[in-house]
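The values are calculated or read from the model by the stated rules, or taken from the named source; none is laboratory data. All figures in this text were calculated on a predicted structure; none of them were measured in a lab. Please note: Cβ atoms are built from the backbone with ideal geometry, for glycine as well, and neighbour counts cover all protein chains shown.
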Amino acid sequence: MSSPISLSNILQAQNNIKPIVHKTPLYHSKSLSEMFDKTIYLKLECFQPINVFKIRGAYNKIIHLSDREKKNGIITSSSGNHGIAVSYVGNLLNLNTVICVPKHANPDKISIIKKFNAELIEFGSNYDECYEHAISIMKKKNLAFVHPFNDPLVIAGQGVIGLEILDQLDDPDCVIVPIGGGGLISGIATAIKNIKPRVSIIGVQPTGAPSMYKSISENKIIKLNKINTVADGLCTKQPGTLTFELVKKYVDKLLLVTDNELKQAVLTLLQEEHILTEPSGIAALASLNQIKKINGNKIVLVISGSNISIELLKNLLVKLKV
């Protein structure tokens with residue numbers, strides 16, 4: 001199977017998204033470097049305008065829609081962060097925007113979506129039910145669907161992060177990336193492996209939603225019967241067809257982390273660097289105890305987002321007794 005995207009697609013996306021997307025900092029954490037006996041860098045996608053990397057892929061996809069598609073409007077399904085990105089871009093471009101989220105989605109993410117004037121529809125108990133509902137609305141109303149991860153333009157937009165990492169750091173040894181549906185790691189891995197193939201790419205999923213992990217292990221796309229994790233942004237029952245192929249081709253290793261490890265990683269980064277993240281965004285840091293023996297010294301952790309719910313943050317801070 002030919003690759004769904006190429007390095008040239010990502011280079012083009014880099015030009016496309018410049019008007020609204022920040023080139024986020026690559027921050028050397030002395031504290032974490034001492035803690036793990038490696039040179040640790042943080043790619044801080046939590047510093048995007050909407051506090052999450054999703055703006056890159058959403059913008060790259062939406063600006064490629066035809067004038068007719070833009071006039072009719074756009075729709076997506078999301079556990080939260082992609083919905084924020086699509087509503088943000090839709091509002092920026094003055095498009096009719098519909099966002100479908102599962103019932104009981106993060107209320108703070110829902111508030112942000114509403115702030116950008118999108119129509120919000122809450123449906124289903126998980127992302128996959130929400131996705132099916134969004135597809136039915138798309139067909140009825142003739143809207144353009146902006147997929148959260150299984151789209152070449154979305155993947156290419158996320159892949160610009162890989163270009164930025166290589167521009168900001170000479171010769172990284174390893175880049176560690178959270179995985180939900182796989183759009184983020186697919187883009188980053190495609191960019192980096194086509195420029196510096198020796199760089200190791202590691203993906204991390206929660207034990208409660210290991211769809212990509214199981215799919216790669218069994219060499220076929222696996223749909224999970226259920227998912228249960230505090231990392232709402234990584235709650236996907238199955239990977240995309242495109243992302244599965246790209247992860248198979250470019251990613252060197254996949255790891256699983258528990259919800260407790262994710263929560264502790266949120267607290268660790270808050271304590272050590274005063275940087276707030278959400279569990280979905282901190283999976284790379286949560287995996288570090290598993291890879292102390294990794295070859296090489298320069299490790300980049302992609303910190304993908306910081307839209308943590310206030311309720312969860314309160315519960316975590318209790319542990320710090322603050």
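Annotations
- For region 223-255, residues that are of a type in the set (Val, Ile, Thr) and either touching a Ser or Thr at 6+ places or on another chain (Cβ under 7 Å) or on the phi > 0 side of the Ramachandran plot (or both) total 3.
- So ILE185, is it surrounded by 23 or more Cβ atoms within 10 Å (Cβ to Cβ), at pLDDT 95 or above, in contact with a Ser or Thr (Cβ under 6 Å, 6 or more places away or on another chain) and not aromatic (Phe, Trp, Tyr): no
- Answer residue from region 6-35, given it is touching a Phe, Trp or Tyr at 6+ places or on another chain (Cβ under 7 Å) and of a type outside the set (S, T, N, Q) and is surrounded by the most Cβ atoms within 10 Å (Cβ to Cβ) among those: VAL21
- For LEU262, the conditions (1) surrounded by 19 or more Cβ atoms within 10 Å (Cβ to Cβ); (2) touching a Leu at 6+ places or on another chain (Cβ under 6 Å) all hold with the exception of (2).
- Among (1) in contact (Cβ under 8 Å) with a residue 40 or more places away in the chain; (2) touching an Asp or Glu at 6+ places or on another chain (Cβ under 6 Å); (3) over 21 Å from GLU245 (Cβ atoms), the one test that LYS103 misses: (1)
- Candidate set from region 28-80 (those that are closer than 30 Å to ILE121 by Cβ and among the basic types (Lys, Arg)); member that is nearest to the chain's Cα centre (by Cα): LYS54
- In region 263-301, the residues that are in contact with a Phe, Trp or Tyr (Cβ under 8 Å, 6 or more places away or on another chain) and β-branched (Val, Ile, Thr): ILE299, VAL300
- Positions within region 67-101 being under 21 Å from ASP232 (Cβ atoms) and of a type in the set (S, T, N, Q), in sequence order: THR76, SER77, SER78, SER79, ASN81, SER87, THR97
- The numbered conditions (1) surrounded by 24 or more Cβ atoms within 10 Å (Cβ to Cβ); (2) out of contact with any helix residue (DSSP H, G or I) (no Cβ under 8 Å at 6 or more places or on another chain); (3) not charged (D, E, K, R) are all true for TYR213 except (1).
- Helices (runs of 4 or more DSSP H) fully within region 189-292 counting 3 or more residues that are polar (S, T, N, Q): 211-218, 259-273
- Top-ranked residue of region 81-102 - restricted to ones that are of a type in the set (Gly, Ala, Ser) and closer than 25 Å to SER125 by Cα, ranked as farthest from the chain's Cα centre (by Cα): SER87
- Scanning region 128-152 for residues that are in contact with a Lys or Arg (Cβ under 8 Å, 6 or more places away or on another chain) and not in a loop (DSSP other than H, G, I, E, B) yields ASP128, ALA144.
- Residue that is more than 28 Å from LEU246 (Cβ to Cβ), not assigned by TED's automatic domain parsing to the domain that holds PHE244 and not β-branched (Val, Ile, Thr), where the choices are LEU95, LEU65: LEU95
- Matching residues, region 162-187, being in a helix (DSSP H, G or I) and under 15 Å from THR24 (Cβ atoms): GLY162, LEU163, GLU164, ILE165, LEU166, ASP167, GLN168, LEU184, GLY187
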